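S.K.: For reference, the structure I am asking about is given below.
The values are calculated or read from the model by the stated rules, or taken from the named source; none is laboratory data. As the structure is a computational prediction, the values presented were derived from the model and not from experiment. Here the Cβ positions follow ideal geometry from the backbone for every residue, glycine too, while neighbour counts run over all protein chains shown.
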There are 2 protein chains.
Amino acid sequence: MIIRTANPQDHAAIWSIIGPVIGSGETYALERRMNETEALAYWFGADKQTFVAEHEGEILGTYYLRANQAGGGGHVCNAGFMTAANATGRGVARTMAQHAMAQAKVQGFLAMQFNLVVITNERAVRLWRSLGFETVGRLPRAFDHPTAGLVDALVMFRAL
Amino acid sequence: MIIRTANPQDHAAIWSIIGPVIGSGETYALERRMNETEALAYWFGADKQTFVAEHEGEILGTYYLRANQAGGGGHVCNAGFMTAANATGRGVARTMAQHAMAQAKVQGFLAMQFNLVVITNERAVRLWRSLGFETVGRLPRAFDHPTAGLVDALVMFRAL
């Protein structure tokens with residue numbers, strides 16, 4: 001598996017990954033009805049660097065890296081990771097996260113922060129913990145899950 | 001003191017308030033060197049409702065209200081408050097915050113969240129606590145203060 005910068009030729013593959021994740025509304029605080037143009041505009045936003053995980057020509061996952069805040073908060077980065085539905089359990093998210101932390105460190109970021117990890121997203125919580133992220137905050141009922149209703153979300157943080 | 005929706009005629013007064021606050025870099029995670037056009041574009045962003053506190057024709061403070069996240073996070077709002085340097089200690093921020101909470105509640109928001117309250121901003125921490133906000137998270141060294149260096153920031157939250 002290699003991780004490389006995403007380019008416009010990856011748009012269709014990226015949409016096939018992020019479309020279902022956004023549409024499910026279960027893990028990301030994003031408008032569920034985003035269409036392809038809107039979703040790609042978000043994922044390739046001017047504030048973001050966008051990467052893909054590729055294996056034998058197939059895109060298995062994608063992530064973005066950005067500063068979490070401007071000004072005095074600019075040394076803390078934020079990232080978002082999505083894995084293709086048919087590629088879960090193969091370490092794609094873990095590999096992308098390790099790449100993201102290395103990239104961020106090289107670029108001078110001192111820490112990485114996840115602002116809203118939905119508590120029902122147990123796979124993600126477990127992965128971030130295993131990668132050294134600590135829960136530094138808990139937002140009560142801050143996420144409206146399509147089936148679970150209002151659930152807590154975690155703020156997770158890791159120095160780089 | 002009345003609180004009303006801001007309009008373009010308030011731009012100069014608002015810039016005279018937010019310019020020094022942004023430029024100080026002490027309390028908001030915003031690019032310190034923002035010019036007037038950039039700062040007003042931020043403060044009147046499409047995602048925000050912008051208000052002013054006025055007394056006898058003078059603008060004493062300004063605030064914005066917005067959804068803190070999209071999608072499943074859209075029921076939690078965020079707000080930013082700035083008071084004119086010559087109007088501190090007169091309850092302007094408190095009055096604006098109470099107005100913001102009432103506005104947010106009427107609009108259906110279920111909670112208000114501050115994402116990054118710089119720990120050195122003791123006046124703000126005290127005010128939010130007195131208004132019922134709880135510290136639900138602490139971000140280690142997440143803010144680079146121009147004189148204090150890397151300091152912690154709080155995530156504060158209040159149901160409405």
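S.K.: Here is a check on your reading of the model: is A:ALA111 more than 16 Å from B:PHE157 (Cβ to Cβ) and in contact with a Lys or Arg (Cβ under 8 Å, 6 or more places away or on another chain)?
M.R.: yes
S.K.: Let me ask another. With the checklist (1) surrounded by fewer than 20 Cβ atoms within 10 Å (Cβ to Cβ); (2) within 13 Å of chain B (Cβ to nearest Cβ) in hand, flag the one item A:PRO20 doesn't pass.
M.R.: Going through (1) surrounded by fewer than 20 Cβ atoms within 10 Å (Cβ to Cβ); (2) within 13 Å of chain B (Cβ to nearest Cβ) one by one, A:PRO20 breaks only (2).
S.K.: Scan region A:13-65 residue by residue and report those that are farther than 30 Å from A:GLY149 by Cβ, among the β-branched types (Val, Ile, Thr) and in a strand (DSSP E or B).
M.R.: Result: A:THR50, A:VAL52, A:ILE59.
S.K.: Can I ask one more? Looking at B:TRP43, B:TRP15 in this structure, which one is more than 9 Å from chain A (Cβ to nearest Cβ) and crowded, with 23+ Cβ neighbours inside 10 Å?
M.R.: It is B:TRP43.
S.K.: Here are some residues: A:MET101, A:MET112, A:MET96. Which one is modelled with pLDDT of 95 or more and touching a helix residue (DSSP H, G or I) at 6+ places or on another chain (Cβ under 8 Å)?
M.R.: A:MET112 is the lone residue from the list that is modelled with pLDDT of 95 or more and touching a helix residue (DSSP H, G or I) at 6+ places or on another chain (Cβ under 8 Å).
S.K.: Any idea how many residues of region B:66-80 are free of Cβ contacts under 8 Å to residues at least 40 places away in the same chain and in a loop (DSSP other than H, G, I, E, B)?
M.R.: So the count comes out to 4.
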